[in-house]
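The values are calculated or read from the model by the stated rules, or taken from the named source; none is laboratory data. All values reported here derive from a predicted model rather than from experimental measurement. Backbone-built Cβ (ideal geometry, glycine too); neighbour counts: all protein chains shown.
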């Protein structure tokens with residue numbers, strides 16, 4: 001084997017402002033519990049905060065008390081991070097715009113992406129964030145990526161511009177019928 005096979009995102013680390021700003025945003029706005037902190041082992045003057053985004057992986061933030069928040073939009077050049085997207089439930093998604101508004105955080109409002117719905121806003125340091133909610137649940141034994149892969153195949157075959165509900169529904173049906181239903185189908 002020649003490839004380095006990844007198995008998911010381990011963590012994402014961002015440069016933050018001070019500790020209070022980071023905790024207020026990641027824990028206070030996005031509900032990600034601060035699970036631990038320690039000095040940055042490469043730069044002892046910098047603090048390293050570790051948050052759980054909900055799936056047991058990590059979002060980490062380097063902080064320093066001399067840094068003040070600047071919410072100017074981050075540069076959108078080649079090689080720069082465009083945005084971070086976090087998965088939310090439909091119930092959370094329907095409440096997100098109002099909850100951001102209650103905190104006086106400007107946002108895009110609901111955006112239909114065909115296979116998911118999105119809402120965009122900026123963190124206190126100008127980084128674009130997205131709350132994303134799939135419009136479907138994959139059948140048992142399959143992932144969202146499995147459904148999207150098949151929906152894409154169907155979209156291309158139909159020469160449609162983007163994935164829509166019909167592609168998702170047909171992809172789910174295809175996957176359900178592809179999966180063996182019992183031992184006798186395996187013979």
When residues of the stretch 28-49 are limited to those that are touching a residue at least 24 places away in the same chain (Cβ under 8 Å) and assigned to a loop (DSSP other than H, G, I, E, B), the one surrounded by the fewest Cβ atoms within 10 Å (Cβ to Cβ): 30
Qualifying residues in the stretch 1-36 (those that are more than 19 Å from residue 127 (Cα to Cα) and modelled with pLDDT of 95 or more) - the one nearest to the chain's Cα centre (by Cα): 33
Which numbered condition residue 84 misses (of (1) in a strand (DSSP E or B); (2) surrounded by 14 or more Cβ atoms within 10 Å (Cβ to Cβ); (3) free of Cβ contacts under 8 Å to residues at least 60 places away in the same chain): (3)
Residue in the stretch 58-67 that is touching a strand residue (DSSP E or B) at 6+ places or on another chain (Cβ under 9 Å), assigned to a loop (DSSP other than H, G, I, E, B), within 19 Å of residue 83 (Cα to Cα) and in the same structural domain as residue 105 (by TED's automatic domain parsing) present: no
In the stretch 51-99, the residues that are in contact with a helix residue (DSSP H, G or I) (Cβ under 7 Å, 6 or more places away or on another chain) and under 16 Å from residue 13 (Cα atoms): 51, 59, 61, 63
Only listed residue being assigned to a loop (DSSP other than H, G, I, E, B) and farther than 13 Å from residue 169 by Cα, chosen from 119, 131, 125: 125
So residue 150, is it modelled with pLDDT under 95 and outside the structural domain of residue 52 (by TED's automatic domain parsing): no
Odd one out for residue 12 among (1) surrounded by fewer than 17 Cβ atoms within 10 Å (Cβ to Cβ); (2) not in a strand (DSSP E or B): (2)
